[in-house]
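Below: the structure, in structure tokens.
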Amino acid sequence: MKNATHIATIMTACPVVGNTSNKFSQVLRLFTEFPVHHLPIVDDNEKLIGIISSNDLPKVFLSLFNREVPIPMTLQAVDKEVQVADLMTPHPVTISSTDTITLAMEIFAGKKFMALPVVDNGILVGILSLKDVISYLEYVEA
């Protein structure tokens with residue numbers, strides 16, 4: 001059955017990642033230099049600890065602008081105010097590389113996620129986007 005295919009066949013292996021020591025400007029640069037919409041955040045042992053969506057980035061500027069005393073909108077000022085640990089969604093829902101596309105479709109349908117980190121034995125091994133699943137299904141239907 002086509003939807004029993006393992007995630008490993010369609011996931012993006014070795015995704016671009018960040019860590020909590022990154023500054024906001026560095027995270028912003030990763031989103032602009034690489035074609036990614038989700039940035040897994042890992043610790044020094046490649047263990048997944050969170051995820052940042054490109055949709056999270058504008059919220060940073062809105063929150064800083066809407067303060068009683070807004071800060072200057074420079075990257076240096078934002079770097080001082082925003083920590084990656086505060087920006088990321090901690091403990092995101094994950095999937096294993098040996099899980100099936102059917103399971104991924106169920107998770108995507110039941111949640112408002114656009115991507116799932118792929119974790120095996122506690123280590124980030126890839127990322128699966130809703131676009132990956134749709135592209136795969138279009139391919140096997142053709």
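Over all other residues within a Cβ to Cβ distance under 13 Å of ARG29, the charged ones net out to -1, with Lys and Arg as +1 and Asp and Glu as -1. Under a Cβ-Cβ cut-off of 11 Å, what is the net charge of the residues other than VAL84 that fall near it, where Lys and Arg count +1 and Asp and Glu count -1? Here the charged neighbours net out to -2. For the chain, taking Cα atoms only, Rg and Dmax work out to 16.7, 58 Å respectively. Which of GLN26, PHE61, PRO15 sits closest to the plus end of the dipole of the chain, meaning its Cα is farthest towards the positive end, when Lys and Arg get +1 and Asp and Glu get -1 on the C-beta? Checked the options; the winner is PHE61.
For region 1-68 versus region 74-123, the spacing of their alpha-carbon centroids is 7 Å. Peptides 8-16, 94-102, 71-79 ordered by packing proxy, namely the average of other Cβ atoms within 10 Å per residue, highest first: 94-102, 8-16, 71-79. For region 41-142, applying the loop criterion from DSSP together with a ceiling of 15 other beta carbons within 10 Å to the trypsin sites (Lys or Arg not before Pro) yields ARG67, LYS111, LYS112.
Once the Cα atoms are used to define both axes, helix 56-65 deviates from the longest principal axis of the chain by about 20 degrees.
Where a number appears in this text, it was derived from the coordinates with a stated rule and is not lab data. Being a predicted model, the structure only gives us computed values, none of them experimental. When we count neighbours, we look across all protein chains shown, and the Cβ atoms used for this are built from the backbone with ideal geometry, even at glycine.
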